[in-house]
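Encoded as structure tokens, the structure appears first; notes follow it.
Values quoted throughout were computed directly from the atomic coordinates according to the rules given, and no laboratory measurement underlies them. As the structure is a computational prediction, the values presented were derived from the model and not from experiment. Ideal geometry is used to build each Cβ from the backbone, glycine not excepted, and the neighbour counts take in all protein chains shown.
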């Protein structure tokens, strides 16, 4: 790789990070299976569990529907143009919805249509984006790069979601307020698309491929036994987890009687856990392999969440802050390793349709989770008993059954084969000596943050420093572009001078 190509790569990786700082907060505010959109459906639209379950399943159903669309689009467009189309159609419906909130009698129907169109556009875009990034980012730095990228955009996501939740709560969760938030989210997605257009991709991304995958190539993915194990595990984990997970937010709002601001703060605590651990997960996945990290994250996630939700109730819910923190730790590692395995186990020449089938198959299984969960909540009596002085509700049974099934599904990972992987016990031994994963240190740090004014002030100071540092990333890229342009101009002038 010559110096110019190396510079283009470095700038493109920076632009990809900046793009995520605008796009990912938008997705967290508008994706229909995440807390903010669910909070809107509960607080403003008053939807019942069955309707919420269907709404939460929509992104996964759209992932299942996208392969034929991806197939048809790749016959006519390059991956780059598919990404631009996906960004635009993902953002535009939310801009429309922010205006239609002035007609409240049509809000529920319009919201459902916007969720479907936006989710379908994002599903197609995600396949093109994943395939493009797998061809751009060198294999030997993927773990560290995507870990650092997730760390940076997660910071901005926390800021955006927390601010939006507090703002909505302060304004009494009015329809007009949510319209403003969704409109701002749409604008952020389009700003992210601008930075995407500044990136340099390989020719295979910029040009339409004449030898695009045939329809039978999509079915041939299921003959790859190693990849099939990954498909089954991620699909079943998603199905079992999503029987209960979308209804965590409903339980917090309806049964614990907390506000949307409290819910977004819990989400923020989860994001803090991801921020603390993300850099370490990238290093560990590069050193030990993705499979042992994925196994460890899955087990700890399910066990801790199971204990936390069983004991949750109106008079006993403060431990959920610790639960969200720990689950945020594990979710960050799970998502990073899932993505790394998805692109690592794919043959070099067949990335697009492998990734397309991955999203479609795993999402089909996952989509059944919220639908089944919503039906079960309607069938099980609201209160089934009492435990330690607090009622045992249908939500408790749903959450416990969901997480126990997740633990059972971890057994599938023993059939997953990843090259150059090291044993889980070695990973655990190293994690014990790392500050980020020492449970006592994590618990002590969290307690200091929650209850010590001095630590709250220190956190605020660190927050301001982080804000300046992440904002500086944009100006750094601009300075590099100006510096590069000035050098090129100066060299051109010197070559034209008479000797």
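For the stretch 132-282, list log₁₀ I(q)/I(0) at each q in 0.11, 0.14, 0.16 Å⁻¹, using the Debye formula over Cα point scatterers of equal strength and ignoring solvent, two decimals each. Each listed q corresponds, in turn, to -0.73, -1.10, -1.25.
Length gained on full extension, residue 422 to residue 310: 36.9 nm, using 0.36 nm per residue less the C-alpha separation. Classified by the C-alpha gyration tensor, the stretch 84-168 has an oblate form. Its axis ratio a/c, with a ≥ b ≥ c, is 1.5 or above, and a/b does not exceed b/c. Counting every other Cβ atom within 10 Å of each residue's Cβ, 355, 141 order from fewest to most as 141, 355. A full extension of the chain between residue 171 and residue 225 corresponds to an added length of 14.1 nm, given 0.36 nm per residue minus the alpha carbon distance.
Could you give log10 I(q)/I(0) at q = 0.15, 0.16, 0.19 Å⁻¹ for the stretch 120-198, computed by the Debye formula over C-alpha point scatterers of equal weight, without solvent? Debye intensities relative to I(0), on a log10 scale: -0.74, -0.82, -1.02. Annotation: extensible slack from residue 139 through residue 206 equals 22.1 nm (criterion: 0.36 nm per residue apart, minus Cα-Cα distance). In terms of its C-alpha gyration tensor, the stretch 212-334 has a prolate overall shape, because the principal axis ratio a/c (a ≥ b ≥ c, square roots of the eigenvalues) is not below 1.5 and a/b outweighs b/c.
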